[in-house]
Structure formats: structure tokens, C-alpha cells
Amino acid sequence: MKLKEIHQIAVLGAGLMGHGIAQSFIAGGYSVMLYDLQESVLNSAEAHIKNSLELFCGADLIESKEIGPALDRLTCTLDLKCAVEGADFITEAIPENLALKQDIFQRVEDLCRPEAILASNTSSLTLKDIGARVKNKQRLVTTHWFNPPQLVPTVEVVRGEETTDETLQAAYDLLMKIRKVPVKLNRELPGFLVNRIQMALAREVLDLFEKGIASAEDIDKAIKGSIGFRLASIGPLITMDLGGLQLWLKVLENLLPEIQSSTEPPETLKSLVAQGHDGIKSGKGFYDYRTDWSEGEVAEIIRKRDQEFLQRLKNIYRESETGK
């Protein structure tokens, strides 16, 4: 299947990732069938999508007259067959559970059109495992979005062992058309590209925190104002080129022997989880939201984050329009 043959999208799972993915497609002009097992989740997803489109409008990324037609392109359903039988591109955004993903792909293959592309939003599993029960593995592809998917532009497009060039290219072109920033990975590996880099950063950050080198607040402040500040504008390899490769080689020779290289999750993180702490969801993580933050302050952090993301997204749109 080629891009010109893709008209109908199905998104399976309307939770944290699914509703943002659905929004990206309806905003990009596609009709979307959004499927979930629970009507309450679908109702919540519709409300989130409407509110988010209004935020996009407020940031001048879309016009107010586009919101209604976009919402009209969204259909929510509890019926899997209804969701996928007419779809050209189907993406699952269900929990990161191998058995669940294997089951949904097997069921979907029996219900959908034989030429439809089947995409997974997995962040840590492989198509080889997810699609083990799929007969036609040539139409499988991973499209790994990042939270919040309607705001973060990059989507990793990853081929499995049997994914055809046509399937990979169609997924890539589709994402380009809805103004995402797709990145092709030449082969599949656990964690793909971004999460492997993110986990390497997380391992060192957690080790520094565990050793008491700095507080959570100061670690966050340091990264936001240095690495994060730079990487929001230029990538890590350009950063190396600009700094000088001889310097980077010397620093790596000096620091790599000292940097955390454990293959086990840090005890600090395991201890927090064992105590029932799950960050903002439970009220406590590296910060204590129950005593140090009011509900309004947490909401303001999320609002400020989204506004900053929207501004960066506007810059990316502007650059794509000017060809820079």
C-alpha cells in the first residue's frame, strides 16, 4: 500500500497515547476510528482531543474553523471489527504487554483488509515478537510515538525482519503528511533509538541522585539549562562537531571509566516503586506532590510544558514550510 491509497485510519486504544495519535491524524485530514474496550475511556479521549485542538488553535497552529471538521472525522467505537474492517492504516496503542499485543494483532488480521498496514506503537517490544501470530508479516511496521504524541513531533519508524520497503515508506510518508517528523531505523533493536539514549541518560542521572551529588530539583535544573537547552535546537552529533571531536574523544576517555555502567535498575528507583510511589499519579516520586505542590501548581507545570511544546512545534512547522 502507498500513501495515496491511505484514507481511513484506525487507532486501537484510546488511553494516554491513543487519543493523542488519533488527534494527530484527524488534524492531518484523515478519518479515524478510535477503538477501546471502555466507553468511559472513549468519552474521556473525545474530551481531551477537543481541549487539545483548542490549545492548538490558541497557539495559532490551526484555525478555529478547523476544529469542528476535525472532530467530525473522529468516530469512537467499542466494536473492534467496526474499527478495522474499512481501515487502510491500523495502529495499536494498547498497554505494553506482549500477550495483549499478540492477541490484538492476530484478531485484527482476521478482521481487516488484506492490504491494510498494521502498525504498533510499542516502545520496548519487537515486531518479531508482537507479530508472531500474524500470517502476513510484510505489512507490519512499528511507529513509535512519544508522549504527548499530539505535541512531540518525532515518530520512530522501524521495520521488522519481514517488513517491505513499500510498507516502511508508506508509514513514513503518512507521518510526514500529518506534519510529524518521522525517523527511519534501518533495523529493529530493543528500545529502538531514542529510548536507548534516554535510558543511558536515566541510568547516570539516577546514579548521581542516589549518591547524593545533587538534589532532584538541581539535577533537573542543570539538565534543562545545559544539555536540554542545546538539544532543543541541535542534535548530539552536531553538538560534538561544533565542540570539536578531539575534545569529545578526550572527555570520553577520561569519563567513561567513571560513569555508571550497571545493567540493573538503580536501587533508588526500585525502592520508590516498592513503596507504592509512582510519581505524579500517586502523589510522590522524586518530588512530593502531596506536601510540596498544590493541585493547581501541578496543573500549571503541565500547562506551561504544553505551551512551550506548542511554541517549539510552531517553529518546526515554520521551518518545514520554508524548507529550512
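The values are calculated or read from the model by the stated rules, or taken from the named source; none is laboratory data. Small disclaimer: the values here were computed from a predicted structure and weren't measured. Note that each Cβ is placed from the backbone with ideal geometry, even for glycine, and that neighbours are counted across all protein chains shown. Side chains are part of the model used for accessible areas, which takes the heavy atoms of the whole protein and leaves out ligands, DNA and RNA. Shrake-Rupley method; radii C 1.70, N 1.55, O 1.52, S 1.80 Å.
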Item checked: Residue among ILE223, ILE238, ILE219 that alone is open to solvent by 80 Å² or more (accessible area, probe 1.4 Å), under 25 Å from PHE309 (Cα atoms) and in a helix (DSSP H, G or I) -> ILE238
Check: What pairs come up if the first residue lies in the range 191-209 and is over 13 Å from SER261 (Cα atoms) and of a type in the set (Lys, Arg), the second is part of a helix (DSSP H, G or I) and modelled with pLDDT under 95, and their beta carbons are under 8 Å apart, counting only those six or more places apart or on different chains?
Finding: none
Check: Of all the residues that make up the range 159-206, how many are within 20 Å of GLY235 (Cβ to Cβ) and among the hydroxyl-bearing types (Ser, Thr, Tyr)?
Finding: 1
Checklist line | Criterion: surrounded by fewer than 20 Cβ atoms within 10 Å (Cβ to Cβ), of a type in the set (A, V, I, L, M), in a loop (DSSP other than H, G, I, E, B) and at pLDDT below 95 - qualifying residue of LEU16, LEU37 | finding: LEU16
Item checked: Tally of residues being among the basic types (Lys, Arg), closer than 21 Å to ALA87 by Cα and part of a loop (DSSP other than H, G, I, E, B) across the range 156-193 -> 2
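Residue by residue, here is whether (1) charged (D, E, K, R); (2) open to solvent by less than 80 Å² (accessible area, probe 1.4 Å) holds:
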| position | (1), (2) |
| --- | --- |
| GLU264 | yes, no |
| LEU269 | no, yes |
| ALA274 | no, no |
| ASP278 | yes, no |
| LYS284 | yes, yes |
| TYR287 | no, yes |
| THR291 | no, no |
| ILE316 | no, yes |
Next item on the list: Please find, within the range 19-30, the residue that is most open to solvent (accessible area, probe 1.4 Å) out of those that are more than 13 Å from ALA87 (Cβ to Cβ) and outside any loop (DSSP other than H, G, I, E, B).
Entry: ALA27
Next item on the list: Give me a count of the residues in the range 40-81 that are acidic (Asp, Glu), closer than 30 Å to VAL108 by Cα and either open to solvent by less than 60 Å² (accessible area, probe 1.4 Å) or part of a helix (DSSP H, G or I) (or both).
Entry: 2
